[in-house]
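**Student:** Quick one: this structure, given as structure tokens, is what I'll be asking you about.
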């Protein structure tokens, strides 16, 4: 028979949970639904693709996010 003993710890402190329940707002505003995305295909030169890729690596963001931000700035703002 096994001689392994399992130690049962102390009861967890629920003061943070109780405080959250007491102080939370009763009605949370609904989150807006994310806008539907559409795909856009572009033909670009290899050198432009390479430049975009290098910039995205430098900034540590995916190419799609980098281009999406640029298009957003130009056409929406």
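The values are calculated or read from the model by the stated rules, or taken from the named source; none is laboratory data. Computed from a predicted structure; not experimentally measured. Glycine also receives a Cβ, built like all others from the backbone with ideal geometry; neighbour counts cover every protein chain displayed.
**Student:** Please go through the stretch 47-77 and pick out each residue that is modelled with pLDDT of 95 or more, outside any helix (DSSP H, G or I) and closer than 21 Å to residue 36 by Cβ.
**Tutor:** Correct list: 62 only.
**Student:** Inspect all residues belonging to the stretch 45-52 and state whether any of them is surrounded by 10 or more Cβ atoms within 10 Å (Cβ to Cβ) and under 20 Å from the mean Cα position of the chain (by Cα).
**Tutor:** Checked the stretch 45-52: no residue is surrounded by 10 or more Cβ atoms within 10 Å (Cβ to Cβ) and under 20 Å from the mean Cα position of the chain (by Cα).
**Student:** Based on this model, can you work out whether residue 21 counts as modelled with pLDDT under 95 and outside any loop (DSSP other than H, G, I, E, B)?
**Tutor:** Yes, satisfied.
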